[in-house]
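Here's the structure, in structure tokens; my notes come after.
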Amino acid sequence: MTLQVLIDFYRVRFNEVPVQADDLMDLLTWCYLSEFITPDTYRLLLRELEERGAEKPLFLSDNAKSMSRIS
């Protein structure tokens, strides 16, 4: 799978274009967990998306710790 194929798959699946790289990262993770792509392809595309500004979401516990420091 290439990045362009992932973008096309996003368009078909959600009937819209991805707005940001994070949108594609979510779909990429789903493809990997559903075994549509290999671990090597996942890592390659993940790296490419991160270079384009995508970020992995923080876990809820990490968010809660961050928020507790703010209050």
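Tally the residues that are surrounded by 15 or more Cβ atoms within 10 Å (Cβ to Cβ), under 12 Å from the mean Cα position of the chain (by Cα) and either closer than 16 Å to LYS56 by Cβ or aromatic (Phe, Trp, Tyr) (or both), restricting the search to the stretch 7-28.
8
For the stretch 3-58, how many residues meet the condition of being hydroxyl-bearing (Ser, Thr, Tyr) and touching a residue at least 24 places away in the same chain (Cβ under 8 Å)?
1
Could you list all residues from the stretch 14-29 that are in contact with a helix residue (DSSP H, G or I) (Cβ under 7 Å, 6 or more places away or on another chain) and farther than 14 Å from LEU44 by Cα?
VAL17, PRO18, ALA21, ASP23, LEU27
Let me spell it out: the conditions are (1) under 13 Å from the mean Cα position of the chain (by Cα); (2) loosely packed, with under 12 Cβ neighbours inside 10 Å; (3) assigned to a helix (DSSP H, G or I), and LYS56 meets all of them except one. Which number is the exception?
Answer for LYS56: the failing condition is (3).
Looking at the stretch 31-42 only, could you name the residues that are surrounded by 12 or more Cβ atoms within 10 Å (Cβ to Cβ) and in a helix (DSSP H, G or I)?
Residues satisfying the conditions are CYS31, TYR32, THR41, TYR42.
No value in this document is a laboratory result; all are computed from the given coordinates. From a predicted model like this one, the values you see are computed outputs, not experimental measurements. Backbone-built Cβ (ideal geometry, glycine too); neighbour counts: all protein chains shown.
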